[in-house]
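The values are calculated or read from the model by the stated rules, or taken from the named source; none is laboratory data. What you see is a predicted model; the values in this text were computed from it and never measured. Neighbour counts are summed over all protein chains in view; Cβ atoms, including those assigned to glycine, are modelled from backbone coordinates with ideal geometry.
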Amino acid sequence: MLFNSIAFAVFLPIVFILYWGLQKSSLKLQNAFLLLASYVFYGWWDVRFLLLIFVSSLCDYLIGAALSRTDDGRKRKDLLAVSLLVNLGLLGFFKYYNFFVSSAQDLMNALGMYPGSHTLQIILPVGISFYTFQTLSYTIDIYRGKTKHVDDPIAFFAFISFFPQLVAGPVERARNFLPQFLEKRKFDPVLASDGLRQILWGLDYRAEC
């Protein structure tokens, strides 16, 4: 679902109206709706991509919880290493596997060895770099003592998958952005109109490019 598509032009007003319609409900319900909307948005390209963002989010949520329960320096380093391995492993596989395999094959061919083709038909998941580094920012901030673990998994998953910046960035540090999912939001018509102006300005700029 592209930001300048008809589908998004229908999707955004519906989400906006329903989201603010839940303003008097619980914060958890608002976050749950935002998470659902974000997953619908992300799964629009390919529903299989949802598994990746879910695994990445779950990994760092659990590691963040484990980091918050221990002061053992060695154990904390091991937990951070697992987070780095899982997230950067997924990112590296989807973005660079074929590049490194092709480079290795070219080198072996130049040396007179012909191993055959071992590349894969890999579809690069949309926005994988953005949410990978966003989940990592959470565990890194906890490891450094700059933020605390969030007990509410709905708020955390909504923070990772927040659709307005999921596929285009920017990457937000957990200590700056995540607290906004833990506070009750109130509708502000001034901010809403300003946001609409920025959306229209961005669409106009994109159309001229």
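So here's what we get for this one:
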| read-out | value |
| --- | --- |
| Wholly within the stretch 135-209, helices (runs of 4 or more DSSP H) carrying at least 1 residues that are surrounded by 15 or more Cβ atoms within 10 Å (Cβ to Cβ) and touching a residue at least 60 places away in the same chain (Cβ under 8 Å) | 153-161, 163-166 |
| Residue match in the stretch 79-99 (condition: modelled with pLDDT of 90 or more, closer than 17 Å to D152 by Cα, in contact with a helix residue (DSSP H, G or I) (Cβ under 8 Å, 6 or more places away or on another chain) and among the small types (G, A, S)) | no |
| Residue ID - nearest to L34 (Cα to Cα), chosen from residues in the stretch 147-194 that are of a type in the set (S, T, N, Q) and at pLDDT below 90 | Q165 |
| Within the stretch 24-46, tally of residues that are over 14 Å from the mean Cα position of the chain (by Cα), at pLDDT 90 or above, surrounded by fewer than 16 Cβ atoms within 10 Å (Cβ to Cβ) and not charged (D, E, K, R) | 1 |
| Complete set of residues in the stretch 3-48 that are in a loop (DSSP other than H, G, I, E, B) and basic (K, R) | K24, R48 |
